[in-house]
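Quick notes on the structure that follows.
The values are calculated or read from the model by the stated rules, or taken from the named source; none is laboratory data. Since the model is a prediction, treat every value here as computed from it, not as a measurement. Virtual Cβ from ideal backbone geometry, glycine too; neighbours counted across all protein chains shown.
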Amino acid sequence: MACAMAGCVEADADQEQRPIPAGTPVEISEPPHLVVGDDSSDPIHAFHRVVTPVLLPDGSLAVPLAGENMIRVFDEDGNLTRTHGGEGEGPGEFVTLAAAWVDGVVIEAFDSRQRQVTRIHPDGEVEVVRLEGEAVAHGAVPVLEDGTRAAYGVRAVAPNGRDQLVLHHFTSTGESLGDLLEFSGMRRYEFPGGTGPDPLSPRAIVRAHGEEIFVAETTDTRIRGIHASSGTSRIIEWDRALTECPGDARSYAREAALQRAGSEEVRAAVEERFRALAGDVSVSGFWDFIIDELGFFWIRPFEPAVHGPDVGGMGGPGPGGTWIVLSPEGEHVAKVDVPGNLEPMAIQANSIVGIRRDERGVESVAVHVVERIGGGEL
């Protein structure tokens, strides 16, 4: 049923002779060197709706919890050292904690409901940056090297077609600098009983690294990089065969959705949804990408049995998989197998941080070592 991704990521003969750059990732070590949240009987390790966990420079692990609108910070031994936030609208509190990242030694957390970034210093001091103007801001990216910020959101919902998204630019203190880009997101359609994302809906991903913001729509196999200061752009592109699932994606997705159905009623609803998906439907050429600390692009191939709304995989890269790696210049340089139970969230120089979910959906966070090489041949 599942796509055989290993066959999709073999390098061609010419590429095998190409020198690969220093820092290229080649392996993720097993077992993880740090796990938190694996003891749900301990309230400290009971996690609900983890989003974007990330390592701090001192080796501590920040775990943002959307379910509690709180960030818990653990030391290198997995001991809780401090907590930040909580439900509320006051300084340092969150209404909808959507993401967190690190700016030097400062934790930054984005509240999509309040349209603001909270900066949490190591001593507990809190600063709040409100994003001004009328721009929608459902998501945001880490602060750019030039100090400016970017956020994005859905500008228009299409009952039949692609949602329209917009990327906004802000100063370091939240004043609007205008729109940077419009792009397409989720694809919706009408089916018996309602309207919503179709079973093979693509999605849009926005990331940042250095002074660049990177935007991609998964129906394509290109990533557009926009330089925040100059406004110049570049395209990162790869061979679609590296990341697209071969075969009948619709059949893979349908079978996976039916296996997840808990009752005959749900199975019948799934069948109706797939019957309503008429005509030629474009299939994603990949599913997600992460830019690591060294600027390498990690790209998650598309697997219709893992990704998409009907199999519960619309919101992230999904666990495991063989990811292809592009150099900072966009050359395909490696493929890396991610542990099967790990959904990567952040990749730093020597570590990969991700979310794990057991068969009951209980969440934990794991940190693995990333092995890199200094040079050689692919």
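Remarks
- Scanning the stretch 258-313 for residues that are free of Cβ contacts under 8 Å to residues at least 60 places away in the same chain and closer than 18 Å to Glu217 by Cβ yields Asp280, Arg300, His307, Gly313.
- Just one residue in the set Val106, Val117, Val154 is in contact with a strand residue (DSSP E or B) (Cβ under 9 Å, 6 or more places away or on another chain) and under 20 Å from Glu293 (Cβ atoms); that residue is Val106.
- Ala257 being out of contact with any Phe, Trp or Tyr (no Cβ under 6 Å at 6 or more places or on another chain), more than 28 Å from Gly361 (Cβ to Cβ) and not charged (D, E, K, R): no
Every residue, every condition in (1) at pLDDT 95 or above; (2) surrounded by fewer than 19 Cβ atoms within 10 Å (Cβ to Cβ); (3) in contact with a helix residue (DSSP H, G or I) (Cβ under 9 Å, 6 or more places away or on another chain), yes or no:
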{"residue": "Val9", "(1), (2), (3)": "no, no, yes"}
{"residue": "Asp38", "(1), (2), (3)": "no, yes, yes"}
{"residue": "Asp42", "(1), (2), (3)": "no, yes, no"}
{"residue": "Ala46", "(1), (2), (3)": "no, yes, no"}
{"residue": "Val50", "(1), (2), (3)": "yes, no, no"}
{"residue": "His84", "(1), (2), (3)": "yes, no, no"}
{"residue": "Phe94", "(1), (2), (3)": "yes, no, no"}
{"residue": "Ala99", "(1), (2), (3)": "yes, no, no"}
{"residue": "Asp103", "(1), (2), (3)": "yes, yes, no"}
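- Breaking point among (1) surrounded by 19 or more Cβ atoms within 10 Å (Cβ to Cβ); (2) more than 15 Å from the chain's Cα centre (by Cα), for Glu329: (1)
- Residues located in the stretch 333-377, provided they are small (Gly, Ala, Ser) and not in a strand (DSSP E or B): Gly340, Ala349, Gly361, Gly374, Gly375, Gly376
- Restricting attention to the stretch 258-288, the residues that are of a type in the set (A, V, I, L, M, F, W, C) and within 22 Å of the chain's Cα centre (by Cα) total 3.
- Odd one out for Met314, checked against (1) touching a Leu at 6+ places or on another chain (Cβ under 8 Å); (2) hydrophobic (A, V, I, L, M, F, W, C); (3) assigned to a loop (DSSP other than H, G, I, E, B): (1)
- The stretch 137-153, subset among the aliphatic types (A, V, I, L, M) and assigned to a strand (DSSP E or B), residue nearest to Gln164 (Cα to Cα): Ala151
- Tally of residues being over 19 Å from Tyr189 (Cβ atoms), among the acidic types (Asp, Glu) and in a helix (DSSP H, G or I) across the stretch 238-287: 3
- Hey, Asp220 outside the structural domain of Gly313 (by TED's automatic domain parsing), farther than 30 Å from Trp101 by Cα and modelled with pLDDT of 90 or more or not: no
- Residues in the stretch 105-136 that are assigned to a strand (DSSP E or B) and of a type in the set (D, E, K, R) were compared, and the one that is surrounded by the most Cβ atoms within 10 Å (Cβ to Cβ) is Asp111.
- The set of residues in the stretch 228-272 that are farther than 19 Å from Pro199 by Cα, surrounded by fewer than 13 Cβ atoms within 10 Å (Cβ to Cβ) and out of contact with any strand residue (DSSP E or B) (no Cβ under 6 Å at 6 or more places or on another chain) comprises Ser229, Ser230, Gly231, Thr232.
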